[in-house]
Each structure stands twice: as C-alpha cells, then as structure tokens.
1. Taking interchain pairs and intrachain pairs at least six residues apart, which have beta carbon atoms under 8 angstrom, with the first residue in region 130-153 and at positive phi and the second surrounded by fewer than 16 Cβ atoms within 10 Å (Cβ to Cβ) and of a type outside the set (G, A, S)?
2. Only one of (1) surrounded by fewer than 17 Cβ atoms within 10 Å (Cβ to Cβ); (2) in a strand (DSSP E or B); (3) of a type outside the set (S, T, Y); (4) touching a helix residue (DSSP H, G or I) at 6+ places or on another chain (Cβ under 6 Å) is not met by E89, so which one is it?
3. Please verify whether region 183-191 includes one or more residues that are modelled with pLDDT under 95, loosely packed, with under 15 Cβ neighbours inside 10 Å and more than 20 Å from Q51 (Cβ to Cβ).
4. I'd like to verify a number: residues in region 130-178 that are surrounded by fewer than 17 Cβ atoms within 10 Å (Cβ to Cβ), assigned to a helix (DSSP H, G or I) and either of a type outside the set (S, T, Y) or touching a helix residue (DSSP H, G or I) at 6+ places or on another chain (Cβ under 9 Å) (or both), how many?
5. Look through P79, P107 and report the one residue that is more than 18 Å from P50 (Cβ to Cβ) and either basic (K, R) or surrounded by 15 or more Cβ atoms within 10 Å (Cβ to Cβ) (or both).
6. Which ones in region 23-62 are surrounded by fewer than 19 Cβ atoms within 10 Å (Cβ to Cβ) and closer than 25 Å to Q101 by Cβ?
Amino acid sequence: MATRRIYICGEPILRKKARRVRQVDGELIELLDDMAKTMREAPGIGLAAPQVGESVRAIVVGEVGDDDEDMVIHKLINPRIVEAEGEVEGGEGCLSLPTLQGIVLRPQQVVVEALGPDEEPVSIEAEGWTARALCHEIDHLNGKLFIDRAERDSLAWMIPDEDDESGYRLQSVSLAEALAMFQRLVEKAGAEN
C-alpha cells in the first residue's frame with residue numbers, strides 16, 4: 001500500500017463525473033488499499049477515487065466503532081444511495097479543500113448499495129456521521145464538492161489558535177475567496193512541477 005497525493009479544489013478531475021467500474025482487478029484493489037491508507041494518514045473519514053487522481057466510481061469511508069480507535073473501513077465500488085431519510089445540518093470539511101469547513105444539509109440515514117472488493121454486493125445502512133460521509137464521497141463521484149451544498153454564509157477557514165480550547169478558531173470566508181485561494185494553490189503546485 002502506498003500513500004497517494006490528494007488533489008486540491010481547482011484541479012479539473014474533481015469536477016468530472018467518475019466512470020463506472022466494469023471490472024474489479026488487481027489495479028482497482030490496489031487503488032482501494034492505497035485510498036484507505038491515504039485517508040487514515042491524512043487523517044480523514046472518507047476519500048473518493050477522483051481525490052487521488054482516478055476517475056472511477058470507488059470510495060472508502062471509515063466508520064468509527066464503540067471504541068474511537070477501532071475504525072471499520074468500507075471499500076465500495078459503484079456505490080449508490082438507494083434510500084435516504086430525514087435531514088440534518090452538520091459541519092463538513094474535505095481533504096481536497098484543506099482547512100475549509102461549512103454547514104451542509106444531509107440525510108440523517110441512508111442505505112448505500114455497492115460492490116465490495118471481492119465483487120460481492122454490499123448494502124450499508126448508516127446514520128449520523130457515517131451517512132454524511134457516504135453522501136459526501138458519493139457526491140465526489142458526481143463531480144460535486146461540499147461547497148456546492150454548503151450554506152454560503154457558513155464557510156470558514158479553520159485557523160490554528162492555541163488560546164482557543166478547540167485549538168483553532170473560525171474565520172469566515174466567501175465562496176469566491178475560498179475558490180481563489182485553492183486556485184492559487186493549484187497554480188503554485190503546477191509551477192513547482
């Protein structure tokens with residue numbers, strides 16, 4: 001397993017609809033394993049293939065068990081939401097939009113069907129954070145980012161702040177300012193390569 005580079009908002013692959021997986025092979029299994037490792041090391045609770053530069057319909061989502069140390073990682077191929085119930089607002093961030101967060105309305109509960117790495121059908125009933133993460137990652141497969149759904153006035157940078165009990169403070173930002181910042185990061189990275 002290898003850690004892969006996480007693509008940043010402004011890179012075109014994040015806005016493309018990912019291709020349906022037609023065949024599960026060693027390359028796809030390696031991708032899923034690499035995504036799980038990349039997600040854990042980032043750290044995050046979900047990652048979609050386009051975020052590591054692969055335009056295929058594959059995601060990994062971590063589900064925390066009773067003990068916060070125990071994380072079950074769901075590796076899903078061609079996932080789709082087949083049921084959704086309730087609505088709840090919650091804060092979201094994204095590994096492709098580092099330090100940005102916003103409030104997003106998502107279903108409280110979902111049922112997601114997919115294929116597992118063993119090519120067997122998988123059905124996951126999830127609620128709360130896991131439901132939110134599944135929806136967020138499936139959005140990535142459709143070229144959508146959480147900022148497309150976030151309440152515009154809720155967007156904020158998480159700024160380190162030792163004086164704050166949480167270790168950070170929030171600084172409001174407009175969508176245009178955030179997108180401009182990410183575009184500058186993408187251009188800078190491109191110029192360095």
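The values are calculated or read from the model by the stated rules, or taken from the named source; none is laboratory data. Bear in mind the structure is a predicted one, so any value in this text is a computation, not a measurement. Note: ideal-geometry Cβ built from the backbone for every residue, glycine included; neighbour counts use all protein chains shown.
1. If the second residue must be surrounded by fewer than 16 Cβ atoms within 10 Å (Cβ to Cβ) and of a type outside the set (G, A, S), the pairs left are G143/R15; G143/K16; G143/K17.
2. Looking at each condition in turn, E89 falls short on (4).
3. For region 183-191, residues modelled with pLDDT under 95, loosely packed, with under 15 Cβ neighbours inside 10 Å and more than 20 Å from Q51 (Cβ to Cβ): present.
4. Result for region 130-178: 6.
5. None of the other options fit; the residue is P107.
6. Within region 23-62, K37, R40, E41, A42, P43, G53 meet the criteria.
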